[in-house]
Amino acid sequence: MSLEQLIQKCKNNDTKAQSELYERYASKIFAICLKYSRNYAEAEDNLQDSFLTIFKKIDQYKNKGALEGWLKRIAINTALQRYRKTKGVFDIINEEQIEDVSIEIDNDTIGIDFLLECIQELPDRYRLVFNLYALDGYAHKEIAEMLNITIGTSKSNLARARLILKNKVELYKSSLNSKTL
């Protein structure tokens with residue numbers, strides 16, 4: 001069945017089509033949910049809530065742009081809504097306090113699994129901003145609107161996330177170096 005046919009059947013509340021759409025995209029959407037969730041169980045909840053929203057709002061998808069992008073946006077918004085309801089506390093600071101932090105990563109030494117684990121361990125407010133900015137390409141203005149924070153707070157939380165990640169990477173590298181000596 002083509003994607004267009006599948007979408008049309010989902011719009012007609014065809015449960016087999018909904019099941020197929022879920023099977024096609026659940027793993028990709030779950031990966032997004034995992035990025036924006038505190039743990040695996042919360043990611044599973046966000047996945048289910050995302051698909052409930054997808055099936056409820058599938059009529060709003062007008063076949064403009066990639067379906068996957070539309071699904072991704074719903075998953076991110078679902079996770080952010082859950083976060084705002086439960087915690088939603090962000091540091092408010094002056095823009096002058098922000099310093100640009102860069103992380104140097106040697107791909108031969110630092111594995112992607114280690115980096116993802118470090119990102120997952122970030123405090124919620126830093127992890128959300130880091131993921132939105134660095135991994136999903138949102139601008140600080142968009143992030144500020146999505147999270148109901150100032151642009152300066154978004155920049156600050158990104159800088160703090162980068163600093164934490166930089167420290168973890170440096171610590172990891174030094175522990176590797178001490179093992180080889």
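The values are calculated or read from the model by the stated rules, or taken from the named source; none is laboratory data. All values reported here derive from a predicted model rather than from experimental measurement. FYI the Cβ positions are ideal-geometry reconstructions off the backbone, even for glycines, and counts take in every protein chain you see.
Structure notes:
- Ser19 being outside the structural domain of Val129 (by TED's automatic domain parsing) and crowded, with 17+ Cβ neighbours inside 10 Å: no
- Out of Phe51, Phe55, Phe30, one residue alone is modelled with pLDDT of 90 or more, aromatic (Phe, Trp, Tyr) and within 19 Å of Val129 (Cα to Cα). It is Phe30.
- Figure legend. Inter-residue proximity from the range 63-76: first residues closer than 20 Å to Asp45 by Cα, second residues of a type in the set (D, E, K, R) and part of a helix (DSSP H, G or I), beta-carbon distance below 7 Å, spacing 6+ or different chains. Indicated pairs: Glu68/Lys28.
- When the test is whether a residue is modelled with pLDDT under 90 and either crowded, with 17+ Cβ neighbours inside 10 Å or not hydroxyl-bearing (Ser, Thr, Tyr) (or both), Arg24 does not pass it.
- Within the range 117-140, residues that are over 13 Å from Arg162 (Cβ atoms) sit with their Cβ atoms under 6 Å from residues that are in a helix (DSSP H, G or I) and hydrophobic (A, V, I, L, M, F, W, C), at 6+ positions apart or across chains, in these pairs: Leu132/Ile143; Tyr138/Leu132; His140/Ile151.
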